[in-house]
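Structure, as structure tokens:
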Amino acid sequence: GQDSPSAQAQEQEQKHEEVTVHGWIKSVRRQKHIAFAMVNDGSAPRGLQAVFPSPELAKGLTNGCSVRLRGALVASPARGQTKELRVEAVDVLGACDPAEYPIQKQALSVEHLRDNCHLRARTDDAATILRLRARATRAVNAFFEDEGFCYVHTPIITSNDCEGAGEAFRIAPASASPSDPEPASASTSASGSTSTPSPHPSSSAPAGPAPSLSPDSSSPASPPAHTPASLEFFGHPAYLTVSAQLHLEALAGALSRVYTLAPAFRAERSLTARHLAEFWMLEAEWAFTRSIEDVCGVVERCVRRVVGACAQEGGALGEGGAGEGERGGQEGGRRAQVRAWADAPEPWPRITYADAVRALAASGVRFEFEPAWGRALQSEHERWLAEHLVRGPVFVTDYPAALKAFYMRRNDPRAGAGGGERETVACVDLLVPGVGELAGGSLREEREDVLREKIRQAGLDEAEYAWYLDLRRYGGTPHGGFGLGFERLISWMSGVENVRECIPMPRWAGRMLL
Ligand code: 4AD
Ligand code: MG
């Protein structure tokens, strides 16, 4: 015969799992004969509801304290969860004074959380973003593995400014201070270093940042304080890397297909929602390619794959605290839109810079900066192209050579890449709605003579790039690659507007570090 409902319940009762749960208390609700708390260990967006058969048991619990709870995992009558913990024993492992705790239950301003970024991941949204970053990282690795790329580790300390834009941070040991006396010249020459001029190009550098983005970028960055060269990197000037690209090129010249996901540093004065002084860049480089379309293809497949893999992860954003409802709604709309673009069967459009400028000029929009061939696309232009012209991700190719870094491959003028007589390079920027530039790539100049000329034109020190020129002399290949701002990707996918909320401990101009 059939078991009666009470027999079934009794059987279930015996099957109750005895568990120990570690985590932090997110909220406590006390009633006369019972108490409830949400406990979360950060492994998933939603915590576990803990039920305390007597309010006494929950006496020492406050928001933010860490606990060990022992009890039985039982079916939950409450909506939105299948199980809850019926608590039998409570240990408070770390108390948390509710009067002082900076992470209160009510809505907290973005600024308050930035000021407390050592505690920021205690909020549901910040924790969700970190899990999203981890998910995206796994998807990136899976993608490149499937595409036959080798994951390589590139240096953080370099002797060059890859982008030639004068945004590299110069490094020196803490013991070096400008007041230190210059050490004996013998030690300098013993190190084999002749005085190496700064790799920063003159202020007429072609790859300068867009002037409109920053309130104070119109005045050139002040030169780094003088540090005796012998006190820098064991006698050599040294910088934090702005991009792993040049090193990836060296490795692609042996392993054919390589990528890395690594920190990049820029003395970036732009205080925008998409600039950080320390950010993570996904960069890939591969040999034996001659087509910018190939570069677009890898970028597009990669971004689609990551968005697809992260589709579930960002869903919990904005569910939490009070006041987040509206924001959560907007972010949710953007996430759905991004997923739709990632799933759309047709390839994302490719247009040339020349056509983009023509479309901008014909738009009838009064931009702050008038678009014209030869001028950099400003963020207002990039946004219009993605948000109004295409209404989705768009690849813009073949920019004027004068706007781009020295390593990009010069287009054959007769190939008519849209620039007519004017010199262009085989490059591409991926622009997306809401963010603007998400990734940039190019074919690299593999012709030694052309590259040498471009290094000179850019005002760079040829001696610093001797090893880079070697790559062309010894079995050079046509090759290309790209770099993608990881925080910008997280921002785009999650709908979280500012990249400062897309990295655990953001660094930007003027921010006190921890
Ligand atoms: O366009 P960028 O400067 O290109 C390079 O560095 C190339 N060497 C990459 C390559 O081809 N391997 O930077 C690449 C991407 C940008 O498209 C942007 O998404 C991101 O890196 N990025 C930043 N993200 C946050 N903060 C900053 N200050 C950034 N600067 C660039
Ligand atoms: Mg770029």
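Packing, as the average of other Cβ atoms within 10 Å across residues, places the peptides 470-477, 91-98 in the order 470-477, 91-98, highest first. Taking 0.890 mPa s as the viscosity and 25 °C as the temperature, the Stokes-Einstein diffusion coefficient of segment 5-94 based on its alpha-carbon Kirkwood radius rounds to 183 µm²/s.
Which residues does a label at Glu111 reach in segment 486-514, if reach means a backbone N under 17 Å from a point 7 Å past the Cα toward the Cβ? Counting backbone N atoms under 17 Å from the label point, the list is 498, 500-501, 508-512.
Candidate cross-link partners of Lys32 among the lysines, defined by an alpha-carbon separation under 26 Å and a same-chain spacing of 8 or more, comprise Lys59, Lys83, Lys105.
Could you tell me which GluC sites (Glu not before Pro) in segment 47-116 are loop residues by DSSP with no more than 12 other beta carbons within 10 angstrom of their beta carbon? Intermediate values should be presented prior to the final figure.
Working: sites: Glu56, Glu84, Glu88, Glu100, Glu111; in loops: Glu100.
Here the GluC sites (Glu not before Pro) that fit, given the DSSP loop and packing criteria, are Glu100.
Under the combined filter of DSSP loop state and at most 13 neighbouring Cβ atoms within 10 Å, segment 305-412 retains these trypsin sites (Lys or Arg not before Pro): Arg366, Arg391.
Placing a label point 7 Å from the Cα of Thr272 along the Cα-to-Cβ direction, the residues of segment 429-460 whose backbone N falls under 16 Å from that point are 429-441.
Each residue of segment 158-171 is assigned a 3J(HN,Hα), and the resulting list reads 9, 9, 10, 9, 3, 7, x, 9, x, 10, 6, 7, 8, 10 Hz, derived from the Karplus form 6.51 cos²θ - 1.76 cosθ + 1.60 (θ = phi - 60°), x at Gly and Pro. Between the beta carbons of Ser43 and Asp146, assuming R0 = 25 Å, the FRET efficiency works out to 0.40 to the nearest 0.05.
Summing +1 for each Lys or Arg and -1 for each Asp or Glu, what net charge is found among the other residues whose Cβ lies under 9 Å from the Cβ of Ser491?
For residues surrounding Ser491, the net value is -1.
Straight Cα distances below 20 angstrom link Lys404 to the lysines Lys454, with same-chain residues fewer than 8 positions distant left out. For Ala439, the residues 5 or more places off, or on other chains, whose built amide H falls under 5 Å of its own are Leu430.
By the gyration tensor of its Cα atoms, with a ≥ b ≥ c the square roots of the eigenvalues, what is the shape of segment 269-373: rounded for a/c under 1.5, prolate for a/b over b/c, or oblate? Taking the square roots of the gyration eigenvalues as a ≥ b ≥ c, segment 269-373 is oblate. Close amide H partners of Ala264, meaning residues 5 or more places away or on another chain with modelled amide H under 5 Å apart, are Phe279, Trp280, Met281.
Couplings 3J(HN,Hα) for segment 330-341, derived from phi with the Karplus relation 6.51 cos²θ - 1.76 cosθ + 1.60 (θ = phi - 60°), are 4, 5, x, x, 5, 4, 5, 5, 4, 4, 5, 5 Hz, where x marks Gly and Pro.
Each value in this text was obtained by applying a stated rule to the coordinates, not by laboratory testing. The model shown is predicted, which means the values in this text are computed figures rather than measured ones. Positions of Cβ are backbone-derived with ideal geometry, glycine not excepted, and every protein chain shown enters the neighbour counts.
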